[in-house]
Amino acid sequence: MKLISLIVAKQGTSKVVVLSKEYNLKGFGFFEKKPVRESCIFLAREILPLLQGGAGSNSINHEEYCAHVFSEGNGLSFVAVCDEEYPPRVAFDCLRSVMEEFILFNENNWKTVDADADLNFPSLKNIIIAYENPADVDPLFKAQKQVDQIHEVMSHNLNTLLEKQENIDELVSKSEDLSKQSKMFYKGSKKMKKRCCIIF
């Protein structure tokens with residue numbers, strides 16, 4: 001699970017204008033980082049016109065990535081690019097946090113920007129770091145993860161118990177065989193004793 005980038009953008013007159021962006025590229029090699037950055041911007045530029053300026057949220061898969069978009073009715077949009085395993089609910093919660101912080105920090109400065117810019121938005125780096133691990137920010141996800149771990153442990157325990165039960169069943173059947181053999185040995189030894197007593 002990985003949150004790769006957060007992008008703040010708006011629909012300009014002719015194209016999507018990127019207002020601010022932040023990346024989390026820890027797991028990528030040196031030569032992979034630039035293409036990943038370009039792919040994230042490409043996804044944002046291609047997805048936002050599909051929303052047609054309306055407010056709402058949407059998710060679109062592209063290869064192994066998923067782009068989650070949260071758009072305000074005023075033309076301001078927020079994009080989170082994640083891998084497919086990252087929970088969408090947490091991604092949209094992250095985008096709401098980005099929206100609140102961005103509007104609080106930049107108010108209406110973004111409305112006059114018509115070309116790609118890096119507006120001053122230091123909170124974006126903190127937000128992408130905070131949402132790097134979904135279990136740290138989402139109690140429901142954390143609880144679900146714990147339930148999954150418990151389920152896995154219980155399944156393992158049940159399988160072990162069933163294997164032991166099979167082993168016990170084998171031992172019981174072998175002990176029954178031994179019991180029958182020991183009874184036969186006892187009867188045979190009794191007959192032998194009688195024969196020995198007759199000889200002496």
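Say we look at segment 11-44 and pick out the residues that are closer than 26 Å to Asn108 by Cβ, at pLDDT 85 or above and among the charged types (D, E, K, R); which of these is surrounded by the most Cβ atoms within 10 Å (Cβ to Cβ)? Only one residue fits best here, namely Lys21. Against the criterion of being of a type outside the set (D, E, K, R) and at pLDDT 75 or above, Asn167 does not qualify. Kindly check whether there is at least one residue in segment 119-130 that is closer than 15 Å to Tyr23 by Cβ, of a type in the set (S, T, N, Q) and surrounded by fewer than 17 Cβ atoms within 10 Å (Cβ to Cβ). Taking every residue of segment 119-130 in turn, at least one turns out to be closer than 15 Å to Tyr23 by Cβ, of a type in the set (S, T, N, Q) and surrounded by fewer than 17 Cβ atoms within 10 Å (Cβ to Cβ). Selection over segment 63-101 of residues that are surrounded by fewer than 20 Cβ atoms within 10 Å (Cβ to Cβ), without any contact (Cβ under 8 Å) to a residue 40 or more places away in the chain and in contact with a helix residue (DSSP H, G or I) (Cβ under 6 Å, 6 or more places away or on another chain) gives a count of 2.
Among the criteria (1) of a type outside the set (Ser, Thr, Tyr); (2) assigned to a helix (DSSP H, G or I); (3) at pLDDT 80 or above, the one His151 does not fulfil is (3).
State which residue is farthest from Lys111 (Cα to Cα) when the search covers only segment 45-82 and only residues that are more than 24 Å from the chain's Cα centre (by Cα), outside any strand (DSSP E or B) and modelled with pLDDT of 80 or more. By that ranking, first place goes to Glu46.
The values are calculated or read from the model by the stated rules, or taken from the named source; none is laboratory data. Since the model is a prediction, treat every value here as computed from it, not as a measurement. Using ideal geometry, Cβ is built from the backbone for each residue, glycine included, and neighbour counts are taken over all protein chains shown.
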